[in-house]
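Working notes, beginning with the structure itself.
The values are calculated or read from the model by the stated rules, or taken from the named source; none is laboratory data. Please read these numbers as outputs of a predicted model, since none were measured by experiment. For neighbour counting, all protein chains shown are included, and Cβ atoms are generated from backbone atoms with ideal geometry for every residue, glycine included. Accessible surface areas use protein heavy atoms only, side chains included; no ligands, DNA or RNA. Shrake-Rupley method; radii C 1.70, N 1.55, O 1.52, S 1.80 Å.
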Amino acid sequence: SDLSKQLPHVMKLREVLYSQEWRSFIEKSCGLPPSTLIEKIDCACNCHAPGCHLLCHDDVIGTRKVSYIIYLTEEDWKQDEGGSLELYGE
(Lines give C-alpha, C1' and ligand atoms only; values in the text may rest on other atoms or scores of the structure.)
Protein backbone atom coordinates (compact mmCIF):
# COMPACT_ATOMS: atom_id res chain seq x y z
CA SER A 1 0.00 0.00 0.00
CA ASP A 2 0.99 3.65 -0.29
CA LEU A 3 1.24 3.97 3.49
CA SER A 4 3.73 1.12 3.76
CA LYS A 5 5.89 2.84 1.14
CA GLN A 6 5.67 6.25 2.85
CA LEU A 7 6.17 5.01 6.43
CA PRO A 8 7.95 1.64 6.28
CA HIS A 9 9.34 1.84 9.82
CA VAL A 10 5.95 2.70 11.33
CA MET A 11 4.35 -0.15 9.42
CA LYS A 12 7.04 -2.57 10.67
CA LEU A 13 6.37 -1.42 14.24
CA ARG A 14 2.64 -1.96 13.66
CA GLU A 15 3.37 -5.47 12.42
CA VAL A 16 5.30 -6.25 15.61
CA LEU A 17 2.61 -4.74 17.87
CA TYR A 18 -0.10 -6.80 16.16
CA SER A 19 1.84 -10.08 16.48
CA GLN A 20 0.98 -12.98 18.76
CA GLU A 21 4.52 -12.80 20.18
CA TRP A 22 3.93 -9.20 21.33
CA ARG A 23 0.51 -10.04 22.82
CA SER A 24 2.11 -12.92 24.74
CA PHE A 25 4.87 -10.60 26.00
CA ILE A 26 2.29 -8.03 27.19
CA GLU A 27 0.18 -10.74 28.88
CA LYS A 28 3.23 -12.03 30.73
CA SER A 29 4.38 -8.50 31.67
CA CYS A 30 0.92 -7.60 33.01
CA GLY A 31 0.29 -10.91 34.78
CA LEU A 32 -2.60 -11.83 32.49
CA PRO A 33 -3.49 -15.44 31.72
CA PRO A 34 -2.35 -16.67 28.29
CA SER A 35 -4.78 -15.93 25.45
CA THR A 36 -6.40 -13.04 27.36
CA LEU A 37 -5.45 -10.65 24.59
CA ILE A 38 -7.22 -11.49 21.36
CA GLU A 39 -6.45 -10.40 17.81
CA LYS A 40 -8.71 -7.34 18.13
CA ILE A 41 -6.21 -4.51 18.52
CA ASP A 42 -6.75 -0.76 18.63
CA CYS A 43 -3.65 1.11 17.56
CA ALA A 44 -3.13 4.83 17.03
CA CYS A 45 -0.11 6.82 15.97
CA ASN A 46 0.14 10.49 16.93
CA CYS A 47 2.71 13.17 16.30
CA HIS A 48 2.66 16.19 18.59
CA ALA A 49 4.38 19.45 17.73
CA PRO A 50 5.95 21.65 20.42
CA GLY A 51 3.24 23.06 22.68
CA CYS A 52 0.70 20.32 21.93
CA HIS A 53 -0.87 18.29 24.69
CA LEU A 54 -3.65 15.80 25.37
CA LEU A 55 -6.41 16.63 27.81
CA CYS A 56 -6.86 14.45 30.88
CA HIS A 57 -8.65 11.25 29.91
CA ASP A 58 -8.89 7.58 30.76
CA ASP A 59 -8.30 4.74 28.36
CA VAL A 60 -11.32 2.71 29.45
CA ILE A 61 -12.93 1.74 26.18
CA GLY A 62 -15.25 -1.28 25.86
CA THR A 63 -13.48 -4.50 26.73
CA ARG A 64 -9.96 -3.08 26.55
CA LYS A 65 -7.61 -5.03 28.82
CA VAL A 66 -4.35 -3.07 28.46
CA SER A 67 -3.33 0.40 27.33
CA TYR A 68 0.24 1.52 26.79
CA ILE A 69 2.21 4.25 25.11
CA ILE A 70 5.45 3.91 23.20
CA TYR A 71 7.31 7.19 22.92
CA LEU A 72 9.56 7.59 19.89
CA THR A 73 11.84 10.49 20.71
CA GLU A 74 15.11 11.83 19.45
CA GLU A 75 18.17 10.29 21.11
CA ASP A 76 19.15 13.57 22.75
CA TRP A 77 15.65 14.31 24.17
CA LYS A 78 15.68 15.93 27.61
CA GLN A 79 12.86 15.98 30.14
CA ASP A 80 12.75 19.78 30.25
CA GLU A 81 11.67 19.72 26.57
CA GLY A 82 8.31 18.35 27.67
CA GLY A 83 6.43 15.33 26.47
CA SER A 84 6.40 13.46 29.77
CA LEU A 85 3.52 11.20 30.71
CA GLU A 86 1.60 12.31 33.82
CA LEU A 87 -0.59 9.76 35.62
CA TYR A 88 -3.33 10.76 38.04
CA GLY A 89 -5.13 8.71 40.68
CA GLU A 90 -8.89 8.28 40.70
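Please give the peptides 60-67, 36-43 ranked by average Cβ packing (other Cβ atoms within 10 Å per residue), highest first, as a rough proxy for protection.
Numbers: 60-67: 8.9, 36-43: 10.8.
The packing order, highest mean first, is 36-43, 60-67.
Listed values for segment 55-62 are Karplus-derived 3J(HN,Hα) couplings in whole Hz (6.51 cos²θ - 1.76 cosθ + 1.60, θ = phi - 60°), namely 6, 4, 7, 10, 10, 7, 9, x, and x replaces Gly and Pro.
Would you work out if segment 43-90 is rounded, prolate or oblate? Take a ≥ b ≥ c from the square roots of the eigenvalues of the alpha-carbon gyration tensor; rounded if a/c is under 1.5, else prolate when a/b is larger than b/c, oblate otherwise. If you can, show how the numbers build up before the last one.
Numbers: a/c = 2.15, a/b = 1.72, b/c = 1.25.
It comes out prolate by the Cα gyration axes.
About the centre of its Cα atoms, segment 4-90 shows a dipole size close to 500 debye [charges on the beta carbon of Lys, Arg (+1) and Asp, Glu (-1) only; nearest 20 debye].
Applying 1/(1 + (r/R0)^6) with r as the Cβ-Cβ distance of Y88 and R14 and R0 = 30 angstrom yields a FRET efficiency of 0.55.
Annotation: extensible slack from T63 through C47 equals 3.1 nm (criterion: 0.36 nm per residue apart, minus Cα-Cα distance).
With each run of n ≥ 4 DSSP H residues scored as -39500 (n - 2.57), what mean residue ellipticity at 222 nm is computed for the chain after dividing by its residue count and rounding to the nearest 500 deg cm²/dmol? Intermediate values should be presented prior to the final figure.
Working: 3 runs with 26 residues, N = 90.
Mean residue ellipticity, 222 nm, calculated: -8000 deg cm²/dmol.
Accessible surface for the chain, divided over its residues, is 95 Å² per residue with a 1.4 Å probe. Considering only L85, I41, L13, and ranking their Cα positions along the charge dipole of the chain that arises from unit charges at the beta-carbon of Lys, Arg, Asp and Glu, the one farthest toward the positive end is I41.
Rounded to the nearest 0.05, what FRET efficiency is calculated for E74 and E21 with R0 set to 25 Å and r the Cβ-Cβ distance?
0.35
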